[in-house]
Amino acid sequence: MQQTVMKADRLAIMGQLAAQVVHEVKNPLTTIKGFLQLLKEESHNFPKQQEYLDIMLEAIDHANAIITDFLQLARPGCSCWKRYAPEKLLSEVCLLMESEAALRDITIRQVIPEVLPPVWIDPEQMKQVLVNIIKNSLEAMPEGGQVTIETSCRTQELLITISDTGMGMNELVLENIFEPFFTTKASGTGLGMFIAKQIVHKHQGDIKVESVPGKGTTVTISLPILHREGGMP
Ligand code: ADP
Ligand code: MG
């Protein structure tokens, strides 16, 4: 019953987004078609051909990124709800992100108190949330910097804050950050934070963003602390 309800929710969200996804994917396809036509017409202009091929490869990557991100919503994540130790979740996510961070000259620092209560989560989905957030942090620090992941405990909830020393964002971006397909990046999909919010809400948690342009951004996730077995309704 639990899983059927969750599947219905997911399908409803996907249904609402489907038309937009088709639209977003059509843009790069139109680009590719246009440049293929140019290639055909300008078959003797070799330097131009290389330029057109690069544009087409970028368009293919973009379409691929939109479809891949959209599928994060489709993936049932086996709906494996588990009693999970927050420190295990965080160390697994850090491991996933470490090499990309190192390549960008960014260090990921973890601040974890000694004792943390377990949470009742779908670990694969929750990892996806943290990966989406940390990826944004990495992308916000083109010159390198630091990501700090801090975990703390309030009476009824676990708080995970992810802070970066990146470019931050203005009010307009902040207001739209959870809107599907809202992006300020040339090759962004605008789905990362939308999906993160969907998943956190499915866990009966909350997600908030604070940012200071030029200084950095802090994303705070709160999750209910485990009091009982069984998936969240
Ligand atoms: P995408 O990363 O594909 O653009 P997201 O939904 O992940 O889509 O993020 C939406 C937008 O929010 C980004 O394009 C960026 O402008 C802004 N954003 C999100 N996280 C950060 C961050 N840590 N620092 C600065 N801007 C951010
Ligand atoms: Mg993103």
Check your understanding: Which ones in segment 189-206 are crowded, with 21+ Cβ neighbours inside 10 Å and assigned to a strand (DSSP E or B)?
Key -> none
Review point. How many residues does segment 38-76 contain that are closer than 28 Å to Ala18 by Cβ and either at pLDDT 90 or above or not hydrophobic (A, V, I, L, M, F, W, C) (or both)?
Key: 18
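Checking the condition under 17 Å from Ile66 (Cα atoms) and within 10 Å of ligand 1 (Cβ to nearest atom), which residue from Gly216, Gly190 passes?
Step by step, each of Gly216, Gly190 is checked, and only Gly190 is under 17 Å from Ile66 (Cα atoms) and within 10 Å of ligand 1 (Cβ to nearest atom).
One line per residue, one yes/no per condition, for (1) of a type outside the set (S, T, N, Q); (2) in a helix (DSSP H, G or I); (3) in contact (Cβ under 8 Å) with a residue 24 or more places away in the chain:
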{"site": "Ala12", "(1), (2), (3)": "yes, yes, no"}
{"site": "Leu17", "(1), (2), (3)": "yes, yes, yes"}
{"site": "Glu24", "(1), (2), (3)": "yes, yes, yes"}
{"site": "Pro28", "(1), (2), (3)": "yes, yes, yes"}
{"site": "Thr31", "(1), (2), (3)": "no, yes, yes"}
{"site": "Leu38", "(1), (2), (3)": "yes, yes, no"}
{"site": "Pro47", "(1), (2), (3)": "yes, yes, no"}
{"site": "Leu53", "(1), (2), (3)": "yes, yes, no"}
{"site": "Glu58", "(1), (2), (3)": "yes, yes, yes"}
Exercise for review: Report the residue count in segment 127-158 for those that are within 16 Å of ligand 1 (Cβ to nearest atom) and at negative phi.
Suggested key: 22
Point to revise | Residues that are closer than 28 Å to Ala8 by Cα and in contact with a Pro (Cβ under 9 Å, 6 or more places away or on another chain), drawn from segment 156-188 | key: Glu157, Leu158
Exercise for review: Sort out for me the strands (runs of 3 or more DSSP E) sitting completely within segment 68-185 that have 3 or more residues that are buried (at least 18 other Cβ atoms within 10 Å of the Cβ).
Suggested key: 119-121, 145-153, 157-164
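The values are calculated or read from the model by the stated rules, or taken from the named source; none is laboratory data. As the structure is a prediction and not an experimental result, all values here were calculated from the model. Counting neighbours? That spans all protein chains shown, and the Cβs are built from the backbone with ideal geometry, glycine included.
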